[in-house]
Amino acid sequence: MATATEVKKRTVRINGCVASAQAAKYADVDVIAAYPIRPYTATMMALAQMVANGELDAEYIVADSEHSQLSISHGASSSGARVFTGSSGVGVQFAYELYSPISGSRMPVQMMIADRTLDPPGDFGSEHTDALSTRDMGWLMGWACDAQEAFDNHLMAYRIGEDPRVLLPQMVCQDGFFVSHITSDVELPDSGQVKEFLPPYKHPYPLDPRHPVSHGPQIMPEQGPPLQLERARAMEGAVAVIEEVHDEFAKIFGRRYDPWVEEYMTDDADVVFFLQGGHAVTARFAIKHMRDNGLKVGMVRLRTIRPYPTDRVNEVLSKFKVVGVIETNMGLGSVSSGGVLYGEVCAALYESQHKPLVLSFMAGMGGEAIVLDEFYWMAKKMTEAQKRGKIEKRTHWVGFEE
Amino acid sequence: MPAIEVERQILPILGSPNQGARFYNPDLPSSEPFVPGHRTCAGCGPSIQYRMTSKAAGDNTILVGPTGCMYVANSSYLCTPYNVPWAHTQIGSAGSFTAGVAAAYEAMIRKGKWKGAFPNIICEAGDGSASDIGLASISGALYRNHDCLIICYDNEQYANTGIQASSRTPYGGMTTFSPPGPMVPEAKTLFPKDLARMMAAGHPHCYVATASVGYPIDLMNKVRKGLNHKGAAYLMIYTPCQKGFVYETPRSIDLGRLVVECGLYPIWEWNPEKREYDYSFRPQNMRPVSEYLKLQGRFGHLHAEHIAKLQTFANQQWKMMGIELPEALIQAADAKNLVNMATASAAEAVAQTL
């Protein structure tokens, strides 16, 4: 049975997982590839129920692994179907082989990720290492900080990824538990609004017996450079489309997001937190409190990490004296011997005339909540560095130092 | 909007018994979805199979090619020999990618996004993909019963990477991962995975059959039966590889018959309605395994005791099909009655055969 039930705009109280499922339903996806792993599973549970209820007409496939989930998605997207899949933690890693083939064949598969710490040991908590380890595989990637933003990001990601100027897969990420399992009010749009915003998926060269094409033939090394260049250009070309789509989204749905960074109380700030995802909600709260005590602190939240907004990060962060990068990911033996975000921030600032001091904070590791006191402690480290005018210690493991 | 009913194709079965006119049938379709000009070896068994399979399927077909020799040799330098849509997928993604294609067409036709009869969706997986790294993905596709045909073109080794043992490599088969030496005189010590029976036993709702390039009409009919079956179908097809088996190039089809006549490659069908095996296929002759082995360099190191083990294995296969063993084959399973491959008399026998 096909579903074309008109629904009216309404506000519901749901968690991030269900918000993602709702977005997939609004996008009228054709093929869903599921495999259970906490915490993203709840998204697939919600979709299974929608299909069972007849609210969504889609092929719901219970795959035999995450590798198969992504392969199913690859095959379905190659055939011209709109595809939704997802995973968490080690599940994201189990599918690793497929990330490059999917972006290389320019299939706009969408994958929802609710972050989970990688093993060992079996830890359910949110850490961004799972998705970030795939960041250079040619997928558009960004984090939501609450359920509403997750819902909105899914719709925008389909529109961006399926744009013929882009044709790239998308990882739409949210923190496990902090976003995926916390309920909040989410405005679900009119189905007419989504119809207006998101045209049907139409790949220019699907596997269609009437117009035979070959996907993914083997090449020789000398044929490699142009193919890689094309994929790199698609990623660069996505920048303009991302901005366009965010404008269009604001016009139709009335919610305006800066596609690259959210700035919070940064106008006269000396020190800022730089982070991704759900911890931003606590950060805002902490900042408000510190502002009451006269501290000039703010927050810059990265919304899109691939493509990375190098110039924008440079321009925004150059305004401040100290930047404290809150990693929530593991970059063992990396530039800062902490997380991977530090290197991304510093590289963007390299050409700045007004380089801020940059600190890396290893906080929220293993999915532990970053509590208000820890934000205050990190702000203290930043103001101390500001007073000294130099970095004494590049990386701080929050909770292990005085 | 009501769902649109999915129209399925029915392909006619070619009216020829598996004996007699094995190579000629006037009903053969003229379409050639797999065209000449590719870069496979002369006498390549898998590509002979590829042509027969795609010819039987016709033009409303989508091919899926997991990594293997039929990926690399057929699609080098961005050129491919396919007149129908074809996609490469990862070696472990045989069943899953194919399932994605089938699911997409189910949904797109039902939702009015694509109009036409449901295409034939065929996956051509090598035995490395089908018996090892992609086994779970294929099992998943069969279990979920997507309307597709998954073929294991079985050349009994990883040929693309330069001849390594797979779990379909026969006992005694020399590969670069199973070389003979003083400590391992027989080369490969393990007997192959009984892949097709495993698929039939584990997915009894599927049409499952074995075939060989030695019997083209039978092979093409099984392709059509698999495609006509609504749901998943699985074929395991013997496709000799002259590079890995080391034989005279023109003998690919001969090997395709000998392997069956020697009992090393039982030909059968699994009937999903009756839930039983159909063993009615009978080769013209029954021969001792040495007649098959002696044509191939990969078995040139075998001693009498190893050949006897292979004969015992073949005899077990005949028995599994309910076929009475002639005395000669029982005798041939005794090492006393056999000679080593590398003896003068064996070499003479090979010379005579060639």
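The values are calculated or read from the model by the stated rules, or taken from the named source; none is laboratory data. Keep in mind that what you see is a predicted model, and the values were worked out from it rather than measured. All Cβ positions, glycine included, derive from the backbone under ideal geometry; neighbour counts span all protein chains shown.
So here's what we get for this one:
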{"quantity": "Flag for B:Asp254 being more than 22 Å from B:Arg197 (Cα to Cα) and surrounded by fewer than 22 Cβ atoms within 10 Å (Cβ to Cβ)", "calculated": "yes"}
{"quantity": "Residue check for A:Tyr350: under 18 Å from the mean Cα position of the chain (by Cα), over 15 Å from A:Glu374 (Cα atoms) and among the hydroxyl-bearing types (Ser, Thr, Tyr)", "calculated": "no"}
{"quantity": "Only listed residue being closer than 20 Å to A:Thr383 by Cβ and among the aromatic types (Phe, Trp, Tyr), chosen from A:Tyr342, A:Tyr308", "calculated": "A:Tyr342"}
{"quantity": "Qualifying residue in region B:158-168 (condition: touching a Cys at 6+ places or on another chain (Cβ under 7 Å), buried (at least 24 other Cβ atoms within 10 Å of the Cβ) and over 27 Å from B:Ile307 (Cβ atoms))", "calculated": "no"}
{"quantity": "Qualifying positions in region A:183-214 - among the hydrophobic types (A, V, I, L, M, F, W, C) and more than 9 Å from chain B (Cβ to nearest Cβ)", "calculated": "A:Val186, A:Leu188, A:Val194, A:Phe197, A:Leu198"}
{"quantity": "Residue check, B:Asn160 modelled with pLDDT under 95 and of a type outside the set (D, E, K, R)", "calculated": "yes"}
{"quantity": "Residues being within 7 Å of chain A (Cβ to nearest Cβ) and touching a Ser or Thr at 6+ places or on another chain (Cβ under 6 Å) - total across region B:67-81", "calculated": "1"}
{"quantity": "Residue satisfying all of: in region A:303-331; surrounded by fewer than 20 Cβ atoms within 10 Å (Cβ to Cβ), more than 27 Å from A:Gln170 (Cβ to Cβ) and not hydroxyl-bearing (Ser, Thr, Tyr); nearest to the chain's Cα centre (by Cα) among these", "calculated": "A:Lys319"}
{"quantity": "Boolean, B:Ala104 is touching a His at 6+ places or on another chain (Cβ under 6 Å), over 22 Å from B:Ile163 (Cα atoms), modelled with pLDDT of 95 or more and at the interface with chain A (Cβ under 8 Å from one of its Cβ atoms)", "calculated": "no"}
{"quantity": "Options B:Val208, B:Val223, B:Val184: the member that is more than 21 Å from B:Gly140 (Cβ to Cβ), in contact with a helix residue (DSSP H, G or I) (Cβ under 7 Å, 6 or more places away or on another chain) and hydrophobic (A, V, I, L, M, F, W, C)", "calculated": "B:Val223"}
{"quantity": "Test result for B:Tyr265, outside any helix (DSSP H, G or I) and at pLDDT 95 or above", "calculated": "yes"}
{"quantity": "Among the residues listed as B:Lys188, B:Lys222, B:Lys243, the single one being among the charged types (D, E, K, R), outside any loop (DSSP other than H, G, I, E, B) and in contact with a strand residue (DSSP E or B) (Cβ under 6 Å, 6 or more places away or on another chain)", "calculated": "B:Lys222"}
{"quantity": "B:Ala125 being more than 9 Å from chain A (Cβ to nearest Cβ), aliphatic (A, V, I, L, M) and either in contact with a strand residue (DSSP E or B) (Cβ under 7 Å, 6 or more places away or on another chain) or in a strand (DSSP E or B) (or both)", "calculated": "yes"}
